[in-house]
Amino acid sequence: MYFSLLLLHSFFRWMVVFSLLYAIYRGLRGWISKRSFTLADNRVRHITTTIAHVQLALGYVLYFNSPLVAWFRGNYHEAIKQFDYLFFGLLHVILMTIAVIVITIGSSSAKRSVINQDKFRIMTLLFILGLLIIFIAIPWPFSPLANRPYIRTF
Ligand code: HEM
């Protein structure tokens, strides 16, 4: 269970990153060239937000199945002194949850807006902010915070 979840969560990060990049590209294009917000744009907004929600849910299930987090929770005072445990036990969860809230606010505000330009602007800006937070909180192999591989092969 734990390894399948970790594999899925690790792979799904690419879906999150690429869907956000694509939505931001469409948002910028529509905003700059003053297009109308089409059904396809709305579908991209919706699918991108859903992918972020799925990753959030996977993350929470993983959190309560991870031996690393179990050790963090069971040995809190010792664990917060080791940055890898602090990162996965606390920082990663907090930052990712904030990022998905930002994306959700962007998505629902864009949906509620009636003016095409507002839809594109809100979606673009809040998706960029969400992606930036996600980018910082992903344990890339080059990250100064914590390192995991680009693709899990174990
Ligand atoms: C959009 C949101 C998220 C992204 C893109 C993301 C991405 C990642 C990546 C790339 C890893 C490294 C996987 C590996 O070891 O190969 C990871 C690990 C982890 N994530 Fe997330 N994550 C997200 C949200 C969350 C949330 C919300 C939680 C918890 C509530 C969470 C919990 C964890 C845990 C516990 C690990 C480490 C598990 C372990 O090594 O035992 N993630 N995440």
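What is the sum of charges, Lys and Arg at +1 and Asp and Glu at -1, for the other residues whose Cβ falls under 14 Å from the Cβ of Leu62?
+4
Relative contact order of the stretch 1-108, please, whole-number percent, based on alpha carbon pairs below 8 angstrom and at least 6 residues apart. The value is 29 percent.
Among residues other than Ser109 with Cβ under 14 Å from its Cβ, the summed charge is +4 (Lys and Arg +1, Asp and Glu -1).
Compared with the dominant Cα axis of the chain, that is its longest principal axis, helix 92-112 is turned about 20°.
Ranking Met96, Met1, Met123, Met15 by solvent-accessible area of protein heavy atoms (1.4 Å probe, all protein chains present), from largest to smallest, gives Met1, Met15, Met96, Met123.
Does anyone have the angle between helix 116-137 and the longest principal axis of the chain? Alpha-carbon axes, 0 to 90°, nearest 10? It is inclined by approximately 20 degrees.
In summary, no lysines lie within cross-link reach of Lys81, defined as a Cα separation below 27 angstrom excluding same-chain residues under 8 places away. Angle check, please: helix 39-63 long axis (alpha carbons) against the longest principal axis of the chain (alpha carbons), in degrees 0 to 90, nearest 10. Once rounded, the angle reads 10 degrees. Once both labels are positioned 7 Å from their Cα atoms along Cα-to-Cβ, the gap between Thr97 and Leu145 label points is 1.5 nm.
So what is the calculated 222 nm ellipticity per residue for the chain, using -39500 (n - 2.57) for each DSSP H run with n of 4 or more, over all residues, to the nearest 500 deg cm²/dmol? Intermediate values should be presented prior to the final figure.
Working: 7 runs with 115 residues, N = 154.
Only helices count here, giving -25000 deg cm²/dmol.
Modelled spin-label separation between Glu78 and Arg152, with each label point placed 7 Å from Cα along the Cα-to-Cβ direction: 2.6 nm.
Placing a pseudo-label 7 Å from each Cα along the Cα-to-Cβ vector at Leu39 and Val54 gives an inter-label distance of 2.2 nm. Excluding same-chain neighbours fewer than eight residues apart, the lysines reachable from Lys111 by a Cα-Cα span under 22 Å are Lys34, Lys119.
The values are calculated or read from the model by the stated rules, or taken from the named source; none is laboratory data. Note that this is a predicted model, so its numbers are computed, not measured. Here the Cβ is made from the backbone with ideal geometry for all residues, glycine too, and neighbour counts use every protein chain on show. Note: accessible area is taken over every heavy atom of the protein model, side chains too, but ligands, DNA and RNA are not part of it. Shrake-Rupley method; radii C 1.70, N 1.55, O 1.52, S 1.80 Å.
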